[in-house]
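Trainee: The structure's right below; bear with me while I get my questions together.
The values are calculated or read from the model by the stated rules, or taken from the named source; none is laboratory data. No experiment lies behind these values; they were computed from the predicted model shown. Please note: Cβ atoms are built from the backbone with ideal geometry, for glycine as well, and neighbour counts cover all protein chains shown. We work out accessible area using only protein heavy atoms, side chains counted, and drop any ligands, DNA or RNA first. Shrake-Rupley method; radii C 1.70, N 1.55, O 1.52, S 1.80 Å.
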Amino acid sequence: MKKTIITVAPTGAWPSKKDNPNIPLTPKEIAEDVFECYKAGAAVCHLHMRDDEGKGTMNKEKFREAVNLIKDKCDILINLTTSGDLNATDETRQEHLALLKPELASYDCGSMNWMHNSLFINHPNFLEQLGKTMKENEVKPEIEIFDAGMIYNSLYYVKKEYLIHQLTISLYWGQLAVLQLQWRIWCT
């Protein structure tokens, strides 16, 4: 029998209570939601954090609180984002990895236009540094593919040995470029 791995991302990168009044935003709400999903069969949780105003943050203490609350409730695999705050520095995007040493963390292999209203910057120097941080802390990278070019970029970082763990690759079909690639595959 083949096994299926279910990942839950209780907050996602941007939604707020305005978008959905049921979205968990505090570390306690996130931990409770993750636990309910774990009981329903989720094996991995992908975590983003919110500040006290509900905006994306890379605040390591918010991550620590949520991770500790989750670990008190269950043994779900923890996957921490390295994005989610467009104003974060390269350092704040990864300092929580060394602090918490999650099983997984996101690794977005390229910059892109995000939802046609902002830029999501992943400079090559940051990607090299992030790969080193993940290796040093034994954090498995989750390669997030939002654009077809990111596939080739990820192969570059593997070849350069910035990514050496067994890779997890996630395709996000909601982005326009990937949808176009998917459409071309279906139509040929």
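Trainee: Just checking, which of Glu53, Glu32 is outside any loop (DSSP other than H, G, I, E, B) and charged (D, E, K, R)?
Mentor: After applying the criteria, what remains is Glu32.
Trainee: Only one of (1) open to solvent by less than 20 Å² (accessible area, probe 1.4 Å); (2) at negative phi is not met by Leu119, so which one is it?
Mentor: Only one criterion is unmet by Leu119, namely (1).
Trainee: Then there is this: Just the residues that are of a type in the set (S, T, N, Q) and modelled with pLDDT of 65 or more, please, taken from the stretch 147-184.
Mentor: Scanning the stretch 147-184 gives Asn153, Ser154, Gln166, Thr168, Ser170.
Trainee: What is the residue count in the stretch 146-156 for residues that are open to solvent by less than 20 Å² (accessible area, probe 1.4 Å) and touching a helix residue (DSSP H, G or I) at 6+ places or on another chain (Cβ under 6 Å)?
Mentor: 0
Trainee: Being touching a strand residue (DSSP E or B) at 6+ places or on another chain (Cβ under 8 Å), closer than 20 Å to Leu119 by Cα, open to solvent by 20 Å² or more (accessible area, probe 1.4 Å) and not charged (D, E, K, R) is the requirement here; does Leu77 meet it?
Mentor: Here the answer is no, as Leu77 does not meet what is asked.
Trainee: Right, here's the next one. Restricting attention to the stretch 130-156, report how many residues are closer than 21 Å to Pro102 by Cβ, out of contact with any strand residue (DSSP E or B) (no Cβ under 8 Å at 6 or more places or on another chain) and not acidic (Asp, Glu).
Mentor: So the answer is 4.
Residues checked against (1) free of Cβ contacts under 8 Å to residues at least 40 places away in the same chain; (2) surrounded by 13 or more Cβ atoms within 10 Å (Cβ to Cβ); (3) among the aliphatic types (A, V, I, L, M); (4) in contact with a helix residue (DSSP H, G or I) (Cβ under 6 Å, 6 or more places away or on another chain):
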{"residue": "His46", "(1), (2), (3), (4)": "no, yes, no, no"}
{"residue": "Asn59", "(1), (2), (3), (4)": "yes, yes, no, no"}
{"residue": "Leu99", "(1), (2), (3), (4)": "yes, yes, yes, yes"}
{"residue": "Trp114", "(1), (2), (3), (4)": "yes, yes, no, no"}
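Trainee: Which residue pairs have Cβ atoms under 6 Å apart, sit 6 or more places apart or on different chains, and have a first residue in the stretch 5-20 that is of a type in the set (Gly, Ala, Ser) and a second that is open to solvent by less than 50 Å² (accessible area, probe 1.4 Å)?
Mentor: Ala9/His46; Ala13/His48; Ala13/Gly84; Ser16/Gly54
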